[in-house]
Structure formats: structure tokens, C-alpha cells
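Visitor: The structure under discussion is supplied below as C-alpha cells; questions concerning it will follow.
Throughout, read-outs are computed from the coordinates displayed, never taken from laboratory work. Being a predicted model, the structure only gives us computed values, none of them experimental. All Cβ positions, glycine included, derive from the backbone under ideal geometry; neighbour counts span all protein chains shown.
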Amino acid sequence: MVIRFFILSLVFLTTLKVAAVYFTNFNMFGDEAQYWLWSESLDFGYFSKPPLIAWLISFYSWFFGNSFMSLKLMPVFLYFLTSLAVYELCLRLGLKRKDSVLCFLSFLTMPAVSVSSFFISTDVVLLLFWTLSMIALLNIKKTPSFINFMICGIMVGLAFLSKYAAIYFFVSLSALCFFDKVFRCLFFQNIFKSFLLVFTVFIIILPNIIWNYNNDWITLQHTSANADLKNFNLSFTRGMVFLITQILMVGVFLFLGTAKNIKTLKLDAQNIFLLCFSLPIILIVFLESVIVRANANWAAVGLIALFIFFIRPLLINFKLYVILNYIFNLVLAVIFYTLIATSFSHKVFDRINGVESFAKEIKILIGENTNVVISDRLLYSSLSYELRGMGIDFLMPYNPSKTITKHFQLSSPLKKNIKESFVFMGELKELGYLESSYNFRLIKEISVKFTNIPIKVYEVSF
């Protein structure tokens, strides 16, 4: 009866997601548009991320097109695959098939999944291969064969190509080998196979390493800059907000059920595995949030194991918490997608509101110009997507004497010797490196919802 209710409500929620994408007037977020733009020019790396997200979008678009609705349904499909992987992971952890189904269904209503399944992101891809990596690791424990070690290496390698946060896999694996004697002996007794796992990961990510080497390691520079201790700004409040956010993303009732029945928890092999693949990650990002800053999704890979750690004992003796958690999360998801479907006007949605209408206005202002220069990364990506197929060349200002800070400075820089007229959006001082003298005229200053700063549109001529 419970499973039937879960399934029927998920069918309803999925239908609502599709309807929300179809009826909404909201637009593609700048990061999503950027990933699509990367997919139009495939490479082994990009400024801020490894390349798998672009490869998958390109492959997906080849079959289903690159319309707004098509692209927005891509994360829904990927999360369904991840939920199947969660089901398999639960089986490997000893849950009964019926309980694994409840886990699989509950995963799809996690607030983290409900929100992020509306957005194309590297986390969506990472979570799939991260879960498959954990399954592969448990397969090694059961059968430590060459093929299982290699499969684990392949999954971890693909996770790395999704997002560099996959490095946490080796942090968690190290913790697991420290706290679990079986895994510790397993890897020490199979040194060559362990080396094969690491070597397989290396071979898969080698093209991205070479790309970074050829581009002065710009992706790693960007990644390290996010955690730069030079930005030291101690705040325990920020750390508490991060932890509360993680609980909300997994499920409030799962946390409450676990907290209430903490005395019944056993530190068995399965829970050690789950804690090693959640707590070290959450702790690291928590410290980062206290010392510098941290986005809520930076610990996303730790939420898979944390979710199963919470729900696993509750499925056995305290199923009411699982049901309450599911209903609560389902209501939140329904509210969220209803707001999307009705294009609810609230500042939370401002960053995806009004992009299409702004692009149409810009198309009129451009006139006969085919060169459009934009300094803001998100605006560059959004307009490139909205005005795709219209024969417009998008460029970004870049002074060769300065460090690259955005991908499009690398892929589509405005050359300093340009002498063709163009339409410019940004601050005029960013054009100071141009060799030829130029004239400019402010065409229009436009206030839009998706950015707090009015956008100035200039015509630049030589």
C-alpha cells in the first residue's frame, strides 16, 4: 500500500515537472546556457569545469534537440538513473528489495533532488557516477576481481570528468580503509589491483589533464581560488547555516527520526561505509564554510550516503518517519514546481526571469551588427543561447596581459587589433586594451530582473 502510494504520487510529481517546464515563462539560467554553449564546441576541458557535462549535453541534444523544454528534462532523466543506482546501492548494503524500492522512491523527493532536477548542473552528472562508484566499491568487497577494480576506476574517472569534487572519493576511501579492517586488508592484499584502479582513473582523466597543462592549469586555478584562504572570514553562523541546509536538502523527518532513535543505531560495516562516504565530505565543506565560504551543493556527493544512513534503520523499525518525510518532501516539491509552472514572481526566481524578452529587445537593438561583445559570463551565455542560430558572433573582452578569469576569454576573445564595429554590453574601461581608437554611443540602458545592475548597451565603431 505504501509503495503504491509512493509510486502514484511520483508519477504525479513527474507529470507536474514536465508541465512546469512546458508552461513556465522562466528561462535558462546563465550556468545552464554556458554548459550548452560548451556542448556546441566540444573539448577535453573548460575554464571552470571538466568536460563531461558538455559531452552529455551534446549527445543528448543530438537525439532530443536543444529547446528549452528538451534541455530542462535532461536532469529529470539523469536523476531517474541515479535513483536506480541508489536502489542497487541499497541492495548491496543488505536492504531488502521492498525497502530498497522505498529508498529509491524517497530519494526522488529529496528537496535537493527536487530543486536541482530543474537545473542542468555538473552535480547531477557527478551524483550518478559517484553512486555507481560506491556500488563498484561494494562489488570489490564481494568479489575482488581485476574487472571489478577496473570498473570502479572507470566510474570514479567519469565522476572526475563530471566535477573535481570527485576527489572526495579517495578521501572517503582512505577513511573507510582506516575504520574498516575488511576494506583495509582487501586493498593491502591486492596492491596491484588497487594500482589498476588508480591507473584506470588516471587514464580516463588524462585528456583533461593534458588540456589543463596546455592551458596553464586554468581549471585548477579556478577551483583553488574558490577555497583560497586569503579570503579568510571566520563565521560559525555561516557554518551552522550550511549544516542546517544539508539536513533540509536530505529530509527533515529522516533527521528527526534518526536523532530520536540514535540509541538504536549500530556501528555495523554498512553504517561505517555510509558514514565514511558522508561525514568526511560534510566536515571538510563545513570547515570551509566557517573559514572562507561554501555553497550548499559543495558537499552534494556526501548526501547520497547520508540519506541512506538516515533512512536505513527507519525502514526497519520506524517506517512512519519515512512516510512523513516522503509526504513532507512531496508537498515541498509540488509547491516548488507549481511556482515554476505559474512563473511566480518572487526574487528567488529573478535570475531566470526575463532573459528571453531581454534577448528579443537586444536583437532589435543590434540591427545589422553581427558582432556582440559582452563582458559578463552569465549574460554572454544566456544571450548566446536565446539568440542561437541568428548568425551573431559573440565575443568577450580580454586583455592578453592579464589573467584569464572566464572561459569565453579563452574561446572567444575580442582581439586587441579589431577594427570592425560591434555592440557592447559592459563597462567601457574593459575595452581600454584595444589598439585602435574607437567611438562609442550609448544605445540604451536596460533594467532587468535577472541582474541587479542595469545593462548598458553601446554601439562601438572605428
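Visitor: Per the helix-only calculation at 222 nm, which mean residue ellipticity applies to the chain, given -39500 (n - 2.57) for every DSSP H run of n ≥ 4 and division by its residues, nearest 500 deg cm²/dmol? Spell out each step's value before the answer.
Guide: Numbers: 21 runs with 292 residues, N = 462.
Calculated mean residue ellipticity at 222 nm is -20500 deg cm²/dmol.
Visitor: Moving on. So if I take the centroid of the Cα atoms in region 1-47 and the same for region 255-297, what is the distance between those two points in Å?
Guide: Rounded to whole Å, the Cα centres lie 28 Å apart.
Visitor: Given R₀ = 35 Å, what would the calculated FRET efficiency be for SER437 paired with ASP216, taking r from the Cβ atoms and rounding to 0.05?
Guide: Details: r = 31 Å, r/R0 = 0.90.
After rounding, the FRET efficiency stands at 0.65.
Visitor: Amide H to amide H under 5 Å from ILE443: which residues, 5+ apart in sequence or cross-chain, H placed 1.01 Å off N in plane?
Guide: Excluding prolines and chain starts, which carry no amide H, the hits are VAL457, TYR458, GLU459.
Visitor: Mind checking the dipole of region 380-436: about its Cα centre, +1 per Lys or Arg Cβ, -1 per Asp or Glu Cβ, Debye to the nearest 20? Spell out each step's value before the answer.
Guide: On the way: 7 positive and 6 negative charges, 35 e Å.
Dipole size: approximately 160 debye.
Visitor: If you put +1 on each Lys and Arg Cβ and -1 on each Asp and Glu Cβ, how big is the dipole of the chain around its Cα centre, in Debye rounded to 20?
Guide: The dipole magnitude comes to about 1480 debye.
Visitor: Give the label of the value calculated from the structure for log10 I(q)/I(0) by the Debye sum over Cα atoms at q = 0.09, 0.11, 0.13, 0.14 Å⁻¹, choosing from (1) -0.82, -1.00, -1.17, -1.26; (2) -0.66, -0.97, -1.28, -1.43; (3) -0.55, -0.84, -1.22, -1.43.
Guide: It is the one labelled (2).
Visitor: Please go through region 335-417 and write out the chymotrypsin sites (Phe, Trp or Tyr not before Pro) that DSSP classes as loop and that have at most 16 other C-beta atoms within 10 Å.
Guide: Numbers: sites: PHE336, TYR337, PHE344, PHE349, PHE358, TYR380, TYR385, PHE394, TYR398, PHE408; in loops: PHE344, TYR398.
Those that pass, being in a loop and sparsely packed, are PHE344.
Visitor: Then there is this: For LYS449 and ASN317, what does the FRET efficiency come to when R0 = 30 Å and r is the distance between their Cβ atoms, rounded to the nearest 0.05? Let's see the in-between values first.
Guide: Details: r = 49 Å, r/R0 = 1.63.
Once rounded, the FRET efficiency stands at 0.05.
Visitor: Can you figure out the FRET efficiency of ILE335 with LYS96, using R₀ = 25 Å and their beta-carbon distance, to the nearest 0.05? Please report the intermediate quantities before stating the final value.
Guide: Numbers: r = 32 Å, r/R0 = 1.29.
According to the calculation, E is roughly 0.20.
Visitor: Provide the per-residue ³J(HN,Hα) series for region 89-105, in order, calculated from phi with Karplus coefficients 6.51, -1.76, 1.60 and θ = phi - 60°, each as a whole number of Hz, with x at glycine and proline positions.
Guide: 4, 4, 4, 5, 8, x, 6, 5, 4, 5, 5, 5, 5, 4, 5, 4, 6
Visitor: How big is the charge dipole of region 354-461 about its Cα centre, in debye rounded to the nearest 20, if each Lys and Arg gets +1 on its Cβ and each Asp and Glu gets -1 on its Cβ? Provide the component values of the computation, followed by the final result.
Guide: Values: 14 positive and 12 negative charges, 40 e Å.
Around 200 debye, computed over region 354-461.
Visitor: Still on this structure, I have one more. Of the DSSP beta bridges with both residues in the chain, give the percent that are antiparallel, rounding to the nearest 5. Working shown, then result.
Guide: On the way: 11 of 19 bridges.
Roughly 60 percent of the beta bridges in the chain run antiparallel, per DSSP.
Visitor: Another question, if that's okay. Within region 160-201, list the residues whose amide N lies under 13 Å from a label point set 7 Å along Cα→Cβ of PHE59.
Guide: 161-162
Visitor: Pop out the ³J(HN,Hα) list for region 307-321 in order, Karplus 6.51 cos²θ - 1.76 cosθ + 1.60 with θ = phi - 60°, rounded to Hz; leave Gly and Pro as x.
Guide: In residue order, the calculated couplings are 4, 5, 4, 5, 7, 4, x, 5, 5, 8, 10, 9, 5, 4, 4 Hz.
Visitor: Along the Cα→Cβ direction, 7 angstrom out, place labels at LYS360 and VAL2. What is the inter-label distance in nm?
Guide: In this crude label model, LYS360 to VAL2 measures out at 5.0 nm.
Visitor: Considering Cα pairs under 8 angstrom that are at least six residues apart, work out the relative contact order of region 46-111 and quote it in whole percent.
Guide: Numbers: 25 pairs, mean separation 15.8, N = 66.
Relative contact order for region 46-111 comes out at 24 percent.
Visitor: Please order ILE135, ILE147 by the number of other Cβ within 10 Å, starting at the fewest.
Guide: Numbers: ILE135 20, ILE147 12.
Starting with the residue having the fewest Cβ neighbours, the order is ILE147, ILE135.
Visitor: Let me ask something else. What is the spin-label model distance, in nm, from ASN233 to VAL348 if the labels are put 7 Å beyond Cα along the C-beta direction?
Guide: 2.4 nm
Visitor: Amide H neighbours of PHE118 under 5 Å, counting only residues 5+ apart in sequence or on other chains, H built in-plane at 1.01 Å?
Guide: none
Visitor: How about LYS402: which lysines have a C-alpha closer than 27 Å to its C-alpha, ignoring those fewer than 8 places off in the same chain?
Guide: Partners within reach: LYS49, LYS163, LYS230, LYS415, LYS416, LYS419, LYS429, LYS456.
Visitor: Then there is this: Along the charge dipole of region 2-343, Cβ charges K/R +1 and D/E -1, which of THR15, GLY45, THR143 sits furthest on the positive end?
Guide: THR143
Visitor: Take the alpha carbon atoms of region 65-89, find their center, do the same for region 118-136, and report the distance between the two centers in whole angstrom.
Guide: Cα centroid of region 65-89 versus Cα centroid of region 118-136: 10 Å apart.
Visitor: Spelling out what I want: for every residue of region 364-377, take phi, set θ = phi - 60°, compute 6.51 cos²θ - 1.76 cosθ + 1.60 (Karplus), and round to whole Hz; glycine and proline get x.
Guide: 5, 5, 4, x, 8, 5, 10, 9, 10, 10, 10, 8, 7, 4
Visitor: Mind checking the full-extension length gain between ASN399 and CYS185? Use 0.36 nm per residue of separation minus the Cα-Cα distance, one decimal, nm. Walk me through the intermediate numbers first.
Guide: Numbers: separation 214, 0.36 × 214 = 77.04 nm, distance 5.46 nm.
Working it through step by step, the gained length comes to 71.6 nm.
Visitor: Given the options PHE440, GLY391, LEU108, identify the residue whose Cα lies farthest towards the positive end of the charge dipole of the chain (+1 on Cβ of Lys, Arg; -1 on Cβ of Asp, Glu).
Guide: LEU108
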